[in-house]
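The values are calculated or read from the model by the stated rules, or taken from the named source; none is laboratory data. These figures come from a predicted structure and were not determined experimentally. Cβ placement follows ideal geometry from the backbone for every residue including glycine, while neighbour counts extend to all protein chains displayed. Note: accessible area is taken over every heavy atom of the protein model, side chains too, but ligands, DNA and RNA are not part of it. Shrake-Rupley method; radii C 1.70, N 1.55, O 1.52, S 1.80 Å.
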Amino acid sequence: MDLGTIVRQTGWMHRDNRAVQYEGRTLTWGEVLDRASRLANALSSRGVAPQERVAVLADNVYETVEINCACALGNTPIATLYTYYSIDTNIYLLGRIGARVLIVDPAHLAQVESRLAELPDLEVVLVLGDEGAPGLERYDDALAAASADVPEVLAKPEDVHIIRFSSGTTGKPKGIYYDVRGWLAYNSEWRWRTPQLTEHDVYLAAGSLAHLNVAYLWGMIAVGATIAPMGRFEPAEFGRLVEELGATYTAMVPTMIQKVLADDSAAARDYSSLRCLTYAGSPISPSTMRGAMEVFGPVLHQMYAQSEVAPLCMLMPWEHVLEGDEKQARRLRSAGRPSPNVVVTIVDDDGRPLPQGQVGEVAAWSPGAMSGIWGDEDASARRFLPDGSVLTRDMGYLDEDGYLFLADRKDDMIISGGYNIWPLELEDLLTQHPGVSAACVVGVPHEVWGETPLAAVVRAEGEDGRAVTEDELIAISRDRLGKVKRLSRVVFVDALPVSEAGKVQRSVLRAPYWEGRDQQIGGA
């Protein structure tokens with residue numbers, strides 16, 4: 001089985017099923033097969049051969065699903081750029097992977113149009129939308145002129161199917177690629193930890209199908225379900241679409257959930273159709289978790305995954321127990337347990353397994369692991385252990401029941417006076433306070449200890465939020481975690497800086513304290 005065969009089969013067996021619902025426009029799976037075949041044939045007629053890369057620069061659009069299907073039919077790896085990246089970064093990535101094709105949304109064309117001459121490998125540019133662009137070919141014109149014959153290209157298991165890009169938090173983003181075998185396994189693994197998919201499911205892709213929301217894309221394609229991409233996430237529109245479409249699946253980062261809970265019109269909607277709401281990307285506060293369970297019901301699936309390997313672990317709905325015993329309360333702070341075909345180990349700097357309960361780097365063996373990092377064999381080798389496990393760069397430990405508790409990113413560790421301090425431990429403590437809505441801890445310079453923890457805190461609404469003070473939170477951290485790990489300072493902010501992918505940007509909070517070191521914290 002390959003991904004092109006899945007597209008051909010779904011387009012035949014579920015040809016009359018609603019495939020795509022986007023801003024009032026609808027496609028059936030028969031129509032998706034027709035349009036995807038035309039795109040694959042259009043690229044082939046322009047000299048694009050199997051395994052030549054097709055890059056996409058667009059938000060969630062009407063054509064998103066058919067483009068993914070066309071790349072599967074033509075065996076041309078898809079590489080989806082992030083629209084929130086800079087011009088320089090996207091030009092770098094297009095050149096890095098040697099993209100032969102670029103499919104671009106008019107909203108983002110200006111970002112790269114003047115720089116296309118810098119890309120000698122790029123020969124085909126197709127512009128989405130009705131207007132097109134002078135000198136460039138319209139996507140729909142290319143489809144209209146192409147053959148509708150269904151391609152019979154068969155991909156080999158080791159052929160590259162997709163290139164995903166890392167967040168680039170520690171340097172330039174890297175192209176993380178999966179072969180056909182790995183991407184099929186990646187998508188198959190979800191079925192062990194989420195409700196059984198059927199052709200009657202409706203997947204509301206609230207976020208980018210290039211990022212978190214890609215998790216369920218191929219599962220939905222395989223069963224002939226409906227995919228409803230949101231071009232832009234709006235809390236009120238999210239609630240309306242769940243109700244109107246009878247959405248059964250969705251995926252969000254915690255900041256998106258907070259926005260829904262804060263929107264009166266969205267929170268008042270009927271969410272009873274939902275069977276699975278996956279949240280991932282950053283820790284969730286107890287208040288947000290409680291609010292989500294009250295509004296959405298017992299459908300929360302917390303997922304731990306990353307671009308290099310997924311899924312790793314999941315905390316299931318029945319493990320979201322708010323008023324449970326000590327063990328149940330502790331599990332709420334975990335990342336859940338590994339998926340059935342995934343083995344998670346904790347290793348030291350030399351890759352040797354550590355005892356249960358000891359913090360080290362999280363390594364994961366999974367059939368759905370990346371094949372490697374595009375164009376960088378050395379970087380690929382550094383991310384794999386000899387048994388094929390992927391080093392995640394996350395730190396954590398496993399408890400006696402196999403639940404994974406994350407400490408933090410390896411690069412975010414604070415070293416204060418020779419002691420290792422993990423920001424996530426302090427953040428978890430802070431967000432348990434009723435007066436704290438969100439928190440991010442970073443290391444800032446200290447004249448005695450080298451660096452020390454500082455917390456940026458968003459106050460909760462209401463009396464609890466108004467009453468909380470810096471001295472109180474510092475005292476709590478000292479009493480609960482000891483003098484070594486206590487906070488040295490708390491600053492209250494209106495909101496934490498968040499990337500387009502929903503991740504809190506520690507670097508933005510950290511930068512003012514390290515640039516010129518003009519705000520160094522002193523004193524013993």
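Determine the calculated [θ] at 222 nm for the chain from helices alone, applying -39500 (n - 2.57) to every DSSP H run no shorter than 4 residues and normalising by the residue count; nearest 500 deg cm²/dmol. If you can, show how the numbers build up before the last one.
Working: 18 runs with 163 residues, N = 524.
Calculated from helices alone, the mean residue ellipticity at 222 nm is -9000 deg cm²/dmol.
Counting just the Cα atoms, what span does segment 226-325 cover along each of its three principal axes? Round to the nearest Å and put the largest first.
For segment 226-325, the Cα extents along the three principal axes come out at 35, 34, 21 Å.
In nanometres, what is the gap between the two model label sites at ASP264 and GLU447, each 7 Å from Cα along Cα-to-Cβ?
5.2 nm
Exceeding 27 Å between C-alpha atoms, which entries from my cross-link table qualify? They are LYS174/LYS485; LYS259/LYS410; LYS259/LYS327; LYS483/LYS503; LYS410/LYS483; LYS174/LYS327. Please list the in-between numbers first.
Numbers: LYS174/LYS485 34 Å; LYS259/LYS410 29 Å; LYS259/LYS327 30 Å; LYS483/LYS503 29 Å; LYS410/LYS483 22 Å; LYS174/LYS327 39 Å.
The answer is LYS174/LYS485; LYS259/LYS410; LYS259/LYS327; LYS483/LYS503; LYS174/LYS327.
Quick check: at a probe of 1.4 Å, how many percent of the accessible area of segment 367-503 sits on carbon and sulfur atoms? Don't skip to the end; give the middle numbers.
On the way: 2880 of 6210 Å².
It is 46 percent, rounded to a whole number.
What span do the alpha-carbon atoms of segment 86-173 cover on each of the three principal axes, reported in whole Å from largest to smallest?
45, 40, 21
Would you kindly find the accessible area of TYR92, with a 1.4 Å probe and non-protein molecules such as ligands, DNA and RNA excluded, rounding to the nearest 10 Å²?
My reading of the accessible area for TYR92 is about 70 Å².
Thinking of segment 452-504 as a set of Cα atoms, what percent of all their pairs are more than 15 Å apart? Working shown, then result.
Numbers: 758 of 1378 pairs.
Tail of the P(r) past 15 Å holds 55 percent of the pairs.
Run the dipole for the chain about the Cα centre, Lys and Arg Cβ at +1, Asp and Glu Cβ at -1, nothing else charged, and hand back the magnitude in debye, nearest 20.
On the way: 48 positive and 72 negative charges, 133 e Å.
Taking the Cα centre of the chain as origin, the dipole is about 640 debye.
Provide the FRET efficiency to the nearest 0.05 for the VAL491-ARG352 pair, computing r from the beta carbons and using R0 = 51 Å.
Numbers: r = 40 Å, r/R0 = 0.78.
So the FRET efficiency works out to roughly 0.80.
Write down the Kirkwood hydrodynamic radius of segment 364-417, to one decimal in angstroms, obtained as one divided by the mean of 1/r over all alpha carbon pairs. Working shown, then result.
Working: mean 1/r = 0.0761 Å⁻¹.
So the Kirkwood estimate lands at 13.1 Å.
Could you calculate, for segment 176-292, the ratio of the Cα radius of gyration to the Kirkwood radius, expressed as Rg to Rh?
On the way: Rg = 14.3 Å, Rh = 14.8 Å.
So for segment 176-292, dividing Rg by the Kirkwood Rh gives 0.97.
Evaluate the Kirkwood expression for the hydrodynamic radius of the chain, namely the inverse of the mean inverse distance over all pairs of different C-alpha atoms, and round to one decimal in Å. Could the numbers behind the result be given before it?
Values: mean 1/r = 0.0412 Å⁻¹.
Result for the chain, one decimal place: 24.3 Å.
So how do 31-39, 150-158 stack up, highest first, on mean other-Cβ count within 10 Å? Before the final figure, lay out the partial values.
Values: 31-39: 23.6, 150-158: 14.8.
Sorting 31-39, 150-158 by mean packing, highest first, produces 31-39, 150-158.
Rounded to the nearest 0.05, what FRET efficiency is calculated for ASN420 and THR469 with R0 set to 25 Å and r the Cβ-Cβ distance?
Details: r = 28 Å, r/R0 = 1.12.
Working from the Cβ atoms, E equals 0.35.
Reported to two decimal places, what Rg/Rh ratio describes segment 348-455 when computed on Cα atoms with Rh from the Kirkwood expression? Write out the running numbers ahead of the final one.
Values: Rg = 16.5 Å, Rh = 15.9 Å.
Computed over Cα atoms, the ratio is 1.04.
Take every Cα pair under 8 Å in the chain that's 6+ residues apart, average their separations, divide by the length, and report that relative contact order as a whole percent. Could the numbers behind the result be given before it?
Numbers: 1112 pairs, mean separation 52.2, N = 524.
About 10 percent, as a whole number.
How do the peptides 306-315, 43-52 rank, highest first, by the average count of neighbouring beta carbon atoms within 10 Å per residue? Walk me through the numbers before you get to the answer.
Details: 306-315: 23.5, 43-52: 15.9.
Per-residue Cβ counts within 10 Å, averaged per peptide and sorted highest first, yield 306-315, 43-52.
Taking +1 at the Cβ of each Lys and Arg and -1 at the Cβ of each Asp and Glu, which of SER285, VAL347, GLY402 sits farthest along the dipole of segment 243-402 towards its positive end, judged by Cα position relative to the Cα centre?
SER285
By DSSP, what percent of the beta bridges with both residues in the chain are antiparallel, rounded to the nearest 5? It would help to have the intermediate numbers written out before the result.
Values: 49 of 83 bridges.
Percent antiparallel among DSSP bridges in the chain is about 60.
Please state, as a whole number in µm²/s, the translational diffusion coefficient that the Stokes-Einstein equation yields for segment 1-149 at 20 °C and 1.002 mPa s, with Rh defined as the Kirkwood radius across alpha carbon pairs. If you can, show how the numbers build up before the last one.
On the way: Rh = 15.6 Å.
It diffuses with D of about 138 µm²/s by this estimate.
How long are the semi-axes of the equivalent ellipsoid of segment 431-480, taking √(5λ) for every eigenvalue λ of the Cα gyration tensor, in whole Å from largest down? Could you put the intermediate results ahead of the total?
On the way: eigenvalues 108, 26, 14 Å².
Largest first, segment 431-480 gives 23, 11, 8 Å.
Can you tell me which of 365-378, 324-337 comes out highest on packing, and rank the rest after it, using the mean Cβ neighbours within 10 Å? Walk me through the numbers before you get to the answer.
On the way: 365-378: 18.5, 324-337: 16.1.
Put in order of decreasing packing, that is 365-378, 324-337.
Which of SER273, GLY239, PRO298 sits farthest toward the positive end of the charge dipole of segment 232-307, with +1 on the Cβ of Lys and Arg and -1 on the Cβ of Asp and Glu?
PRO298
Just the accessible area per residue of the chain, please: how many Å² with a 1.4 Å probe? Please list the in-between numbers first.
Values: 22050 Å² over 524 residues.
Spelled out: the 1.4 Å probe surface of the chain, per residue, equals 42 Å².
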